[in-house]
Amino acid sequence: VLESADDAAVPDERARRVAAEHGVWVATASFAGSTGGGYARAAGGSGIWSPAGEPVVRAGTGVGEVVAADLR
């Protein structure tokens, strides 16, 4: 996803809601840094949410941050 830093809560809330409403794991990859095409600061914050809607792991806003989780 690509969201401005000012709207960082949008993909976070969407992932939480989808996971909880449907009882599924949700993973998002969110662009961080500057796109050079209109987003001076993208939100970052890639993450994985449990079927209960809880964040399991979250990346920060830094370029190149990677997260992983064991979904067993």
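The values are calculated or read from the model by the stated rules, or taken from the named source; none is laboratory data. Please read these numbers as outputs of a predicted model, since none were measured by experiment. Counting neighbours? That spans all protein chains shown, and the Cβs are built from the backbone with ideal geometry, glycine included. The accessibility values were calculated without ligands, DNA or RNA, using every heavy atom of the protein model including side chains. Shrake-Rupley method; radii C 1.70, N 1.55, O 1.52, S 1.80 Å.
How about region 32-43: which of its residues are more than 9 Å from the chain's Cα centre (by Cα) and either of a type outside the set (A, V, I, L, M) or assigned to a strand (DSSP E or B) (or both)?
A32, G33, S34, T35, G36, G37, G38, Y39, R41, A42
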Region 53-64, residues that are among the charged types (D, E, K, R) and surrounded by fewer than 14 Cβ atoms within 10 Å (Cβ to Cβ): E54
From the list S50, S46, exactly one residue is over 10 Å from the mean Cα position of the chain (by Cα), at pLDDT 95 or above and open to solvent by less than 30 Å² (accessible area, probe 1.4 Å). Which is it? S50
Looking at (1) over 12 Å from the mean Cα position of the chain (by Cα); (2) part of a loop (DSSP other than H, G, I, E, B), which is the one condition that is false for E21? (2)
Give me the pairs, please: first residue somewhere in region 48-61 and part of a loop (DSSP other than H, G, I, E, B), second residue anywhere and charged (D, E, K, R), beta-carbon distance under 6 Å, and either six or more positions apart or on two chains. G53/R16; A59/E65
